[in-house]
Amino acid sequence: MNRVLLFNKPYGVLSQFTDKGTLESPRPTLSSYITEKCFYPAGRLDRDSEGLMVLTDSGPLQARISHPKYKLAKTYWVQVEGTPDDAALNALRSGVVLKDGKTAPAKASQIAPPANLWERTPPVRFRKSVPDAWIALTITEGRNRQIRRMTAHVGLPTLRLIR
């Protein structure tokens with residue numbers, strides 16, 4: 001029987017069980033939270049992102065969730081610096097050209113700030129002179145830091161990223 005764990009990954013935690021970084025300053029990993037053996041992440045979130053991670057003991061299920069050929073849709077809530085306009089949202093929907101090529105079209109819409117959201121440590125920087133907003137963004141790719149690069153490309157730097 002395949003087993004699945006759902007984990008709400010905090011900000012600052014690596015989405016792997018070991019840290020191959022420096023021994024002088026070890027970073028928190030999944031092993032700080034998950035003690036079950038033989039589970040592996042199906043996909044990843046960068047250290048600066050938060051939210052849902054699926055872990056499984058099934059290799060085929062892990063591949064089905066994480067391999068790019070399956071184009072599994074993933075939705076993110078993105079707090080951005082600035083206010084999205086139609087041009088920015090339409091660019092995200094059409095796909096934007098990044099250094100590693102054009103992204104696939106995404107679903108993008110401005111949303112109200114998510115209700116009952118947990119506090120982040122450290123908190124997101126706040127600037128009185130610059131508004132922020134939330135976008136729901138659904139992608140079917142999983143390039144390195146793709147959401148952050150896409151929002152920056154349309155002039156809306158990411159402040160907080162939650163899956």
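Points worth noting:
- Qualifying residue in the range 113-127 (condition: of a type in the set (Gly, Ala, Ser) and in contact with a strand residue (DSSP E or B) (Cβ under 9 Å, 6 or more places away or on another chain)): no
- Exactly one residue among Ala63, Ala42 is more than 17 Å from Asn8 (Cβ to Cβ), at pLDDT below 95, assigned by TED's automatic domain parsing to the domain that holds Gln16 and touching a helix residue (DSSP H, G or I) at 6+ places or on another chain (Cβ under 9 Å), and that residue is Ala63.
- Residue in the range 11-31 that is of a type in the set (S, T, N, Q), under 19 Å from Val78 (Cβ atoms), free of Cβ contacts under 8 Å to residues at least 60 places away in the same chain and not assigned by TED's automatic domain parsing to the domain that holds Glu141 present: yes
- Selection count, the range 88-105, where residues are part of a loop (DSSP other than H, G, I, E, B) and of a type outside the set (A, V, I, L, M, F, W, C): 5
- Tallying residues that are aliphatic (A, V, I, L, M) and in a strand (DSSP E or B) within the range 110-163 yields 9.
- Assessment of the range 35-43 against the conditions (under 12 Å from the mean Cα position of the chain (by Cα), outside any helix (DSSP H, G or I) and under 28 Å from Trp118 (Cα atoms)) yields at least one matching residue.
- One residue from Ser66, Ser58 being closer than 28 Å to Ser109 by Cα, of a type in the set (S, T, N, Q) and touching a residue at least 40 places away in the same chain (Cβ under 8 Å): Ser66
- Residue match in the range 41-54 (condition: of a type outside the set (A, V, I, L, M, F, W, C) and more than 21 Å from Arg145 (Cβ to Cβ)): no
- Taking the range 106-134 as the range and being aliphatic (A, V, I, L, M) and out of contact with any helix residue (DSSP H, G or I) (no Cβ under 7 Å at 6 or more places or on another chain) as the test, the residues that pass are Ile111, Ala112, Ala115, Leu117, Val124, Val130, Ala133.
- Qualifying position, being under 21 Å from Arg47 (Cβ atoms), in contact (Cβ under 8 Å) with a residue 40 or more places away in the chain and hydroxyl-bearing (Ser, Thr, Tyr), among Thr103, Thr151: Thr151
The values are calculated or read from the model by the stated rules, or taken from the named source; none is laboratory data. This is a predicted model, so every value here is computed, not measured. Cβ sites come from the backbone with ideal geometry, for glycine too, and all protein chains shown count toward neighbours.
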